[in-house]
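Laboratory data are not the source of any read-out in this text; all were calculated from the coordinates shown. Because the structure is predicted, anything quoted here is derived from the model rather than measured. Cβ atoms come from the backbone with ideal geometry, glycine included; neighbour counts cover every protein chain shown.
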Amino acid sequence: MARRVLIDTDIGTDVDDLWTLAMLPSLSDVRLEAVTVVYGDTQIRARLAAGALRAMGVDAPVYRGCETAMSGKSVVRAGHEGVAIDELPAATHETGHAVDVMIELAAANPGTLEIIAIGPLTNIATAIGRDASFAVNLRRLYVMGGEFRIGWPEHNFASDTTATEIVLGCGAPMTIVPLDQTLRVPVTSADVDRIAESHPLGRLMAGEARRFWKWLSGLRDGIPGDRSYPHDPLTLLALTEPSLFTCEPSAVTLEADGRTHRVADPTSPIDVVVDLEPEGLHQAFMRSLGC
C-alpha cells in the first residue's frame with residue numbers, strides 16, 4: 001500500500017526542494033496528499049510548486065502556509081526566488097491554509113500520514129499548537145535539519161528556533177536527517193547535466209541549480225560554485241530507502257542560535273541519522289530523476 005505523504009517545503013531558494021518534488025513520479029510507493037509551503041514569500045513558493053507538479057503530471061494540491069517565523073527572525077532571501085516560474089505551465093495553488101490542511105489530513109486517517117519537512121518548521125509547530133491531537137495523529141515526521149558534528153547552526157532549525165523547539169518536543173515519531181550527513185552526498189555540475197537530459201524538468205532544475213550555486217558561492221570564500229547537496233531529497237529517501245541509513249534514538253537539544261546537540265536515548269521518539277551510504281544514496285537520487 002502506498003504511503004500517505006505531505007511535503008512541507010520552502011521551495012525556491014535551494015534547488016534541492018525542486019529536486020525532491022521532481023523525484024515523486026518515480027516513487028510508486030508514495031501517494032502525495034498535498035504540498036504545503038512555508039517561509040517568506042509563500043505566493044512565489046506555491047506557484048513554483050504547483051507549476052512543477054503540473055508539468056510532471058502529478059495531481060496534488062498546493063497550499064500556502066506561514067510566512068514569518070515564530071521566533072521573529074528575518075527571512076533569508078537569495079533574490080532568485082521565482083525567476084523560473086515563467087518556465088512552467090500556468091498553475092494555481094489552493095485557497096486554504098497549509099496548517100488547516102495538515103491538521104485535517106492527519107485526522108482523516110490517524111496514524112497513516114507522514115510529513116516530509118524540508119523547510120523551517122513554522123507550519124508544523126503552528127499545527128501542533130492549534131490542535132493537541134495533531135502530533136498524535138501522525139505516523140512519522142521526516143525532518144531535514146540540525147547539524148551534530150561541526151557545531152554549525154543549520155538553516156531550517158535556525159530560521160525559526162521557537163518552532164523547532166516545539167516540534168522537537170511534540171512527542172511524534174520523527175527521523176532527523178542532519179546536515180553533517182547530507183553533506184556527504186554531493187551533486188555536481190556533471191550530475192546536473194545528466195539530469196537536464198533525463199527529466200522533464202531537467203533544464204529548469206539545471207537553471208535553478210546554477211542560480212543557487214552562484215548565490216551560495218558568493219556568500220564567502222571557499223564555497224564551490226559547481227555543486228551542492230541533496231539535503232531534501234535524502235530526507236524523502238529516508239522514507240523510501242531506509243536500508244541506506246543508520247539511525248540512533250536520541251535526545252536532541254537546541255541552542256538559541258540554532259545549533260543542535262544530541263545524546264543517545266533509547267526512550268526518545270526521535271531517530272537521528274548517524275550514518276548513511278553515500279554512493280548508494282547518490283545512485284538512488286539520480287535514478288529517481290531518470291538517470
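Overview of values
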quantity	calculated
Shape call, the chain: gyration tensor on alpha carbons, a/c limit 1.5	rounded
17 Å cut-off, amide nitrogen to a point 7 angstrom out along residue 29 Cα→Cβ, residues in region 249-291	277, 280-289
In sequence order, calculated HN-Hα J values of region 226-231 (Karplus, 6.51, -1.76, 1.60; Hz; x Gly/Pro)	10, 6, 8, 9, x, 3
Mean residue ellipticity (222 nm) of the chain, computed from DSSP H runs ≥ 4 via -39,500 (n - 2.57), nearest 500	-11000 deg cm²/dmol
Most fluctuating residue given options 186, 61, 224, as computed from a GNM of the chain linking Cα atoms under 10 Å	224
For 208, 147, order by how many other beta-carbon atoms lie within 10 Å, fewest first	147, 208
Exposure proxy ranking, count of Cβ atoms within 10 Å, fewest first, for 197, 33, 87	197, 87, 33
Residues whose placed amide H lies under 5 Å from that of residue 113, excluding near-sequence neighbours	139
Full-extension gain in nm, residue 1 to residue 92, via 0.36 nm per residue minus C-alpha separation	29.8 nm
3J(HN,Hα) from dihedral phi, region 101-110, Karplus parametrisation 6.51/-1.76/1.60, rounded to Hz, x for glycine, proline	5, 4, 4, 5, 5, 5, 6, 4, 9, x
For the chain: relative contact order, % (alpha-carbon pairs under 8 angstrom, 6 or more apart)	19
Magnitude of the charge dipole, region 136-291, Cβ model with Lys/Arg +1 and Asp/Glu -1, debye to 20	400
Karplus-derived HN-Hα couplings along region 168-179 (A = 6.51, B = -1.76, C = 1.60, θ = phi - 60°), whole Hz, x at Gly and Pro	4, x, 7, x, 6, x, 8, 10, 9, 9, x, 4
Footprinting exposure proxy for 130, 210 (fewest neighbouring C-beta atoms within 10 Å first)	130, 210
Simple Cβ-charge dipole of region 18-110, Lys/Arg +1 and Asp/Glu -1, about Cα centre, in debye nearest 20	200
Cα centroid separation, region 173-222 to region 67-138 (Å)	22
